Amino acid sequence: MPFSRVAFVAADGQPARDALAALTKRYGQHAPEDCDIIVALGGDGFMLETVHNYMQMKVPIFGMHRGTVGFLMNRYEETGLMERIQRTTEVSLYPLRMTVITADGATHEALATNEVSMLRQTRQAAKIKIFVDGKERLAEMVCDGVLVSTPAGSSAYNLSVHGPVLPLGANVLAMTPISAFRPRRWRGAILPHTAVVRFVMQEPEKRPVSAVADRDEVRDVIEVTVREDRSLATRMLFDPEHNLEERIVAEQFEP
């Protein structure tokens, strides 16, 4: 589809602010609610923030690298932007929906484009029981934590804790332990994207755990349910020569 009404959004860093000024002068500026495309200027953290802010609008997002980490971003160029956008490859990313019950009985929900993580809050290791689709799969894992990752997020924190990198079209999720003490040899699992995963904290008063969905943290959780939400899709645009699928494959061969 043709794109003519662009909303530029930028991170707080000076390179991103300078880019915002240059691009709005060259191409104009529309409000996000009245645009064909959102162009995000910054790093990966700002891209995730942009995705969360505008996910409900279902407008495609094209990122240009003006921040620190740029895995989700395209290269920055001021000229030929509209022609370049017309040549992009579109990828649909589906978020994880995290539903949490805390020690005081409250319920919280949040969305994650990358991963949902459970992390110990104190020096005490967490003890976590794991259910998949209502069936107990692991009676007790003693660990620093555990995460569930989308394919798009599998090359981020998930890869750092030795989880598998997932192709975008594989329709699977990665569950990866974080510094597991028991069982030592359990390296995680690859699950169908339809799986509903429930984590139940053991001894939560003694071993408090927090749950994090991208930028949203909930502390003192006793139960966390994670599932993919296919009712929401983020449309992200990438240059054909440097698309996200290629980046995910290349990440596996980094020295």
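Structure above, values below:
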{"read-out": "All positions within the range 112-168 that are of a type in the set (Ser, Thr, Tyr) and more than 21 Å from the chain's Cα centre (by Cα)", "value": "Thr122"}
{"read-out": "Failed criterion for Thr102 (all others in (1) within 18 Å of the chain's Cα centre (by Cα); (2) under 28 Å from Ala195 (Cβ atoms) hold)", "value": "(1)"}
{"read-out": "Any chance Leu191 is modelled with pLDDT under 95, in a strand (DSSP E or B) and not hydroxyl-bearing (Ser, Thr, Tyr)", "value": "no"}
{"read-out": "Which numbered condition Gly105 misses (of (1) without any contact (Cβ under 8 Å) to a residue 24 or more places away in the chain; (2) in a strand (DSSP E or B))", "value": "(2)"}
{"read-out": "Matching option when the condition is at pLDDT 95 or above and either crowded, with 18+ Cβ neighbours inside 10 Å or on the phi > 0 side of the Ramachandran plot (or both), among Val196, Val132, Val212", "value": "Val212"}
{"read-out": "Verdict on Glu203 being surrounded by fewer than 19 Cβ atoms within 10 Å (Cβ to Cβ), at pLDDT 95 or above, under 22 Å from Leu48 (Cβ atoms) and out of contact with any Phe, Trp or Tyr (no Cβ under 8 Å at 6 or more places or on another chain)", "value": "no"}
{"read-out": "Hits in the range 16-45 - residues which are assigned to a helix (DSSP H, G or I) and crowded, with 17+ Cβ neighbours inside 10 Å", "value": "Ala16, Ala19, Leu20, Leu23, Asp44"}
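The values are calculated or read from the model by the stated rules, or taken from the named source; none is laboratory data. If you're wondering where the values come from, they're calculated on a predicted model, not measured in any experiment. Neighbour counts run over all protein chains shown; Cβ positions are idealised from the backbone, glycine included.
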